[in-house]
Every structure is written in C-alpha cells, then in structure tokens.
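Report on one structure; see the data block that follows.
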Amino acid sequence: MTATRNSLGFAKPPAETRVVVAMSGGVDSSVTAALLHEQGYDVIGITLQLYDHGVAVQAKGACCAGADIHDARTVAGRLGIPHYVLDYEGRFHDQVMQDFADSYLRGETPIPCVRCNQTVKFTDLLATARDLKADCLATGHYVQRVDG
C-alpha cells in the first residue's frame, strides 16, 4: 500500500513535517511561511543577519539587516512560529563582500547576490535546516504555487 503524500511530497502528515523557511522580512518569504503554517506544517523561520552597521541597518530593503530582521520577527510572532536570527556577518564579509571587492578591482562587474546565494544563503541555510532536523528548506525566491 502506498502512503499518502502531503502537499510537499512527504509520506507523513504536515504536522510531522518540519520546514525551515528562510525569512528575509519581505512579502514572498512571509507568505511562504504563512501558507505552510496554515497547512499545518511544523514551520521554523530563520533570518540571516549579514551586516549590522551604519545607515544600512535602518534602510528598508537592505537585505538581511535591521529593518528586515524586525519585519521577519514580527511576521513569525504573528504566525506563532519559532524564529531565529543567525549572525553570518563574518561569513558574508569573507565569502561575498571580499569576493565582490576583489572582482571589482580586477575590472569585472560582480553581482554579489549570486555569490551570496551560492554560499551563505543556500549552502549554509540548508546545513542549518539539517541541524534542526528539517525535512526541507523553503524560501520565497521566485515563489510559485502550483496546486494539484
């Protein structure tokens, strides 16, 4: 007999399926967390603090800084899900910003978000999700919901 699969494709009930959601504080990741929570999944929100200095902390849309962390924390609180902020400032500097500066000095046109996604965001977030015994990692990146 084949086990019934939940909407994420796991052969267990949503309440027994842990999902770590990368919460940036933006609409897409907030909606992702809300939809999964609404479906009964065991949702944990994670926000990466990538830098915490100067004017950027107060700037809306400054990825993974003060205002966005506050927004993610607020959404998680309203949903009633656990939310953790992980300090990745050193790793972000070493893996992304230093690479950006080195590339720029070589006359290239670097795109720091690509390097961040390859290292800090997805590689490290997936490792954290595994540490939390999550079945999967969800993000709001290019979110598209397909029913059926």
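The values are calculated or read from the model by the stated rules, or taken from the named source; none is laboratory data. The model shown is predicted, which means the values in this text are computed figures rather than measured ones. Note: ideal-geometry Cβ built from the backbone for every residue, glycine included; neighbour counts use all protein chains shown.
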Residue pairs qualifying under the 6 Å Cβ cut-off, at least six apart or on distinct chains, with the first in the stretch 117-145 being of a type in the set (A, V, I, L, M) and at pLDDT 85 or above and the second being surrounded by fewer than 18 Cβ atoms within 10 Å (Cβ to Cβ) and not in a loop (DSSP other than H, G, I, E, B), are Ala134/Arg18; Leu137/Leu126
**Item:** Ala34 vs. criteria among the small types (Gly, Ala, Ser), in a helix (DSSP H, G or I) and modelled with pLDDT under 95
**Value:** no
Every listed condition ((1) at pLDDT 80 or above; (2) buried (at least 16 other Cβ atoms within 10 Å of the Cβ); (3) of a type in the set (A, V, I, L, M)) holds for Ala65 save (1)
Yes/no for Ser29 being at pLDDT 80 or above, assigned to a helix (DSSP H, G or I) and either at negative phi or in contact with a strand residue (DSSP E or B) (Cβ under 7 Å, 6 or more places away or on another chain) (or both): yes
Quiz item: So is Ser24 crowded, with 18+ Cβ neighbours inside 10 Å, more than 20 Å from Asp124 (Cβ to Cβ) and among the small types (Gly, Ala, Ser) or not?
Solution: no
Here the residues within the stretch 75-109 that are more than 15 Å from the chain's Cα centre (by Cα) and modelled with pLDDT of 95 or more are Gly77, Arg78, Leu79, Gly80
Filter the stretch 1-26 for residues that are of a type in the set (A, V, I, L, M, F, W, C) and in a strand (DSSP E or B); the one that is nearest to the chain's Cα centre (by Cα) is Ala22
Flagged in the stretch 86-123 as surrounded by fewer than 17 Cβ atoms within 10 Å (Cβ to Cβ) and under 30 Å from Gln39 (Cα atoms), in numbering order, are Leu86, Asp87, Asn117, Gln118, Phe122, Thr123
Residue hits (the stretch 1-21; surrounded by fewer than 17 Cβ atoms within 10 Å (Cβ to Cβ) and among the β-branched types (Val, Ile, Thr)) are Thr2, Thr4
